[in-house]
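The structure appears below as structure tokens.
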Amino acid sequence: MITSRKLANFIRLALSYILLVILAIAAIYPALWILLASFRPGKSLYSKTLIPDHFTLSHYKELFTSPVYMFGTWYANTLKIAVFSMLIGVVLTLLTSYALSRFRFKSRKTTMSTLLILGMFPGFMSMIAIYLLLKEFNLLDTHLALIIVYAAGAPLGGTLIAKGFLDTIPRSLDEAARIDGASNFGIFTRIILPLSRPMITYMALTQFVGPWVDFIFAKLILRTKENWTVAVGMWDMVNTMQNSNFTLFAAGAVLISVPIMILFGFLQRLLVDGLTAGASKG
């Protein structure tokens, strides 16, 4: 009986590790292929070997020196949109979650239910309506339009998680500060924000990554080549058969991933803390 149980546990553990190895290979191999392809001479993404015969940096140089590809401009545009969307979106989400966590008002539960329901719908369902609104305000083909939409949509996805985190902060801290004469805004800035660094990190990362990699909405709004984001510009690189430079595309993909890898690498611990703490209570 004991032997059969040990055998069953061994088989279960072995199958688990085999599954994890398969999933790891499926996740790492495409990224490794793109990375090595960015150093491969020529334009074809296909190669008989995974590792190139010799490495070259010509594709990275061409991205910033070619008159055809405005990769530097696209990169700067995307960085600007992502940073401003992140800053405004985090502020809106924090203010909304703080109000729902600390104040009791008549439509509080209705507001939370509305946020939950609206968050279930995919964003592209509202794209036509948003497009018409932006057209009426003459905001098409502007970075401001993307920043407004990205930042305004941040509370839909992050408010309930942030509220769950704020609920874990003892209310006795608020009461002690209020006795000392602190206002609601003072409590928010001096007590809540310093204690919410893990949650702020989580919201900042998620709000940065969304605009950084978004293609559909940016392609809908931005028309001129100078205003494109890097996702739209890279799509244009391989959109036609006459312009299928896949190794150049691979080099651009590697450069896109650099800021995200750096942010996640340095802020991984705070990211995990913020996500788990926000999900513990709601």
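The values are calculated or read from the model by the stated rules, or taken from the named source; none is laboratory data. From a predicted model like this one, the values you see are computed outputs, not experimental measurements. Backbone-built Cβ (ideal geometry, glycine too); neighbour counts: all protein chains shown. Areas reflect the complete protein model, heavy atoms only, side chains present, ligands, DNA and RNA absent. Shrake-Rupley method; radii C 1.70, N 1.55, O 1.52, S 1.80 Å.
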- prompt: Probe 1.4 Å, all protein chains in place: accessible area of Y29 in Å², nearest 10?
  reply: 110
query: What is the distance, in nm, between label points placed 7 Å from the Cα along the Cα-to-Cβ direction at K80 and at L35?
result: 3.2
task: Evaluate the distance, in nm, between pseudo-label points positioned 7 Å from the Cα of L7 and of F121 along their respective Cα→Cβ axes.
output: 5.7
- line: Taking the dipole of the stretch 70-240 about the Cα centre (Lys, Arg +1; Asp, Glu -1; charges at Cβ), the one of S126, W228, T73 that reaches farthest to the positive side is S126
- prompt: Per-residue accessible area for F124 at 1.4 Å probe radius, Å² rounded to 10?
  reply: 130
- request: Could you tell me which of F105, M199, S183 has its Cα farthest along the dipole of the chain towards the positive end, charges placed at Cβ (Lys, Arg +1; Asp, Glu -1), taken about the Cα centre?
  value: F105
- prompt: Where the accessible area of the chain is counted over protein heavy atoms with a 1.4 Å probe, how much of it, in %, is carbon and sulfur?
  reply: 71
query: After finding the eigenvalues of the alpha carbon gyration tensor for the chain, what semi-axes result from the square roots of 5 times each, listed largest first in whole Å?
result: 39, 31, 17
- line: Sparse-neighbourhood loop hits (trypsin sites (Lys or Arg not before Pro), the stretch 75-167; DSSP loop; Cβ within 10 Å at most 10 others) -> R104, K106
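Probe radius 1.4 Å, ligands and nucleic acids left out: which of I51, I169 has the largest accessible area, and how do the rest follow?
Result of the area sort, largest leading: I51, I169.
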query: What list of whole percents do you get for P(r) of the stretch 1-59, with Cα-Cα distances grouped in 5 Å bins up to the one holding the largest distance?
result: 4, 17, 16, 12, 9, 9, 8, 7, 6, 6, 4, 2, 1
- prompt: What is the distance, in nm, between label points placed 7 Å from the Cα along the Cα-to-Cβ direction at K219 and at N239?
  reply: 0.8
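At 0.36 nm per residue, and after removing the present C-alpha to C-alpha distance, how many nm does the segment from L139 to K48 gain when stretched out fully?
So the extension gain works out to 28.0 nm.
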field: Principal-axis tilt of helix 197-213 within the chain, Cα atoms, nearest 10 degrees
entry: 40
field: Segment I260-K61, extension gain: residue separation times 0.36 nm, minus the distance between their alpha carbons
entry: 69.5 nm
- prompt: Can you count the Lys pairs in the chain with C-alpha separation below 17 Å, eight or more apart or on different chains?
  reply: 7
message: What do you get for the angle between helix 268-278 and the principal long axis of the chain? Use alpha-carbon atoms, 0 to 90 degrees, nearest ten.
response: 40
field: Efficiency of FRET between T111 and R197 - r from beta-carbon atoms, R0 25 angstrom, step 0.05
entry: 0.45
message: Can you compute the helix-only [θ] at 222 nm over the chain? Use -39500 (n - 2.57) per DSSP H run of at least 4 residues, normalise by all residues, nearest 500 deg cm²/dmol.
response: -23500 deg cm²/dmol
